[in-house]
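Okay, so here's the structure we're looking at.
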Amino acid sequence: MGVLMSRRQTVEQVQKVSLRKAEAWEAAGPSQTQREKSRANRAAWERLRDGRGVEPEEFDRANRFTLPAFVRPTRELHDDEPLEISLEQREQVSSDEMCEICEVWTAESLFPCRVCTRVYHDGCLRRMGFLHNSSAVEVTETAHTETGWSCYYCDNLNLLLTEEEMYSLMETFQQCKIIPETCLTQDNFLHYKHLLHKRRFERPMSEEQEERAALQFSALDPDKKGHVEWPDFVSHESIVLMQKVRPQNSLLRLLTAKERERARATFLPLSQDSQGLISEGECRKAQHTWFRKHQKEAPSCNVSISHVGPMSESSPASSGSSRSQEKTLLGTEQEESRPVDWPTFLKENVIYILAARPNSAAIHLKPLA
């Protein structure tokens, strides 16, 4: 009870500080343009805080369903305790029978989420504002394949953050002068990463760390547009924050039954010996298999040993400098033969399983080579 009260007080303190800053800014008498910009930024931060995402002003709300209230998750006292997930005990997972939005059953026209058990009508998704004509084809083509489609809950990694974590992330963005709902160029992204590193360690990033940040930017920009979209940036920073502040046992509790089953389907073909162990190299290669991204001209991916390995040469995960590739080859040759059991495999892969939830082609947490 004392822990919960302390957390609630922390959130309230952050809210009060943000409100005082806004009031002080308005009291200073800025120009009309500045006031409008300030209000727009505050509205953007509120959308991020409340998990509502981007809401364009021109969006037609005439036929839109009411967006359900979202309550951010809370950390329980037992979350950090060890969690046993059996390898042998398979889980029979079936999707819901009724649409999550309208609660009507119409069989073939329902689209299942590949992460949770929710199902949806495409018309309901459109009326909610979560499906546009440009993405409708992708949903219909992938929802019933091995690649699958993530619903709007599972697609947004930021919704995994608690209120405390969300306010911490917002404060970081504001202190680093990140403008909400804007794209980030590589220079913006690297400058932000430099500021974070210096704040945390009180020293500049090394050349190797900057190179890894540049590779992550490339992974977030698979189409080579020269910038990272705001939702991809927020999802990346959300999963990085969770990796930093939450123990692996806490992250394991976030996996759904579908994700646990897919992890079993990946591990079992690799563990052919009687002891149920795989090599460290196989564990690392498996980290790339979670990022099954839909390709229009390619058939759906299967979770099998034939797909365990690096991604194609044109993918962000394989891009990088020649020096990085040399390091990768050298690391492969000198790879440790550390045996990895099922619990260790899950703990070392859980962050990548969660990071692979979004539908975006971006890789939100690039695995190590």
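The values are calculated or read from the model by the stated rules, or taken from the named source; none is laboratory data. The model shown is predicted, which means the values in this text are computed figures rather than measured ones. For neighbour counting, all protein chains shown are included, and Cβ atoms are generated from backbone atoms with ideal geometry for every residue, glycine included. Side chains are part of the model used for accessible areas, which takes the heavy atoms of the whole protein and leaves out ligands, DNA and RNA. Shrake-Rupley method; radii C 1.70, N 1.55, O 1.52, S 1.80 Å.
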(Q) Suppose the filter is crowded, with 16+ Cβ neighbours inside 10 Å and under 22 Å from Gln243 (Cα atoms); does Leu160 pass it? (A) yes
Q: Select from the stretch 102-148 the residues that are under 29 Å from Ala263 (Cβ atoms), in contact with a strand residue (DSSP E or B) (Cβ under 9 Å, 6 or more places away or on another chain), touching a residue at least 12 places away in the same chain (Cβ under 8 Å) and in a loop (DSSP other than H, G, I, E, B) and list them in ascending order.
A: Cys113, Arg118, Phe130, Ala143, His144, Gly148
Q: Determine, yes or no, whether Ala369 is open to solvent by 70 Å² or more (accessible area, probe 1.4 Å) and either at pLDDT 75 or above or within 18 Å of Ala219 (Cβ to Cβ) (or both).
A: yes
Q) Which members of the stretch 344-365 meet the condition of being more than 28 Å from Gln275 (Cα to Cα) and open to solvent by less than 10 Å² (accessible area, probe 1.4 Å)? A) Ala355, Ala356, Pro358, Ala362, Ile363, His364
Q: Return the total of residues in the stretch 137-151 being among the aliphatic types (A, V, I, L, M) and surrounded by 15 or more Cβ atoms within 10 Å (Cβ to Cβ).
A: 2
Q) Within the stretch 75-90, can you find the residues that are over 24 Å from Glu146 (Cβ atoms) and either surrounded by 14 or more Cβ atoms within 10 Å (Cβ to Cβ) or touching a Phe, Trp or Tyr at 6+ places or on another chain (Cβ under 6 Å) (or both)? A) Arg75, Asp79, Asp80, Leu83
Q. What pairs come up if the first residue lies in the stretch 179-192 and is crowded, with 16+ Cβ neighbours inside 10 Å, the second is small (Gly, Ala, Ser), and their beta carbons are under 8 Å apart, counting only those six or more places apart or on different chains?
A. Pro180/Ala44; Glu181/Ala44; Gln186/Ala214; Gln186/Gly226; Phe189/Ala213; Leu190/Ala213; Leu190/Ala214
Q) Which pairs have Cβ atoms under 6 Å, sit 6 or more apart or on different chains, and link a residue in the stretch 42-54 that is farther than 14 Å from Thr182 by Cα to one that is at pLDDT 70 or above and of a type in the set (Phe, Trp, Tyr)? A) Gly51/Phe70
Q) How many residues does the stretch 91-115 contain that are touching a Lys or Arg at 6+ places or on another chain (Cβ under 7 Å) and crowded, with 19+ Cβ neighbours inside 10 Å? A) 3
Q) Could you count how many residues in the stretch 199-226 are at positive phi and open to solvent by 100 Å² or more (accessible area, probe 1.4 Å)? A) 2
Q: Could you please find all residues in the stretch 166-178 being surrounded by 16 or more Cβ atoms within 10 Å (Cβ to Cβ) and closer than 14 Å to Arg42 by Cα?
A: Tyr167, Met170, Phe173, Ile178
Q) Among all residue pairs at least 6 apart or on different chains, which show Cβ distances below 9 Å where the first residue, located in the stretch 63-86, is of a type in the set (Val, Ile, Thr) and the second is part of a loop (DSSP other than H, G, I, E, B) and at pLDDT 90 or above? A) Thr74/Thr162; Ile85/Leu255
Q) For the stretch 252-272, what are the residues that are modelled with pLDDT of 95 or more, open to solvent by 20 Å² or more (accessible area, probe 1.4 Å), in a helix (DSSP H, G or I) and touching a helix residue (DSSP H, G or I) at 6+ places or on another chain (Cβ under 9 Å)? A) Arg260
Q.
For the condition β-branched (Val, Ile, Thr), closer than 22 Å to Arg264 by Cβ and under 21 Å from the mean Cα position of the chain (by Cα), what is the one hit in Val93, Val119, Val115, Val139?
A. Val115
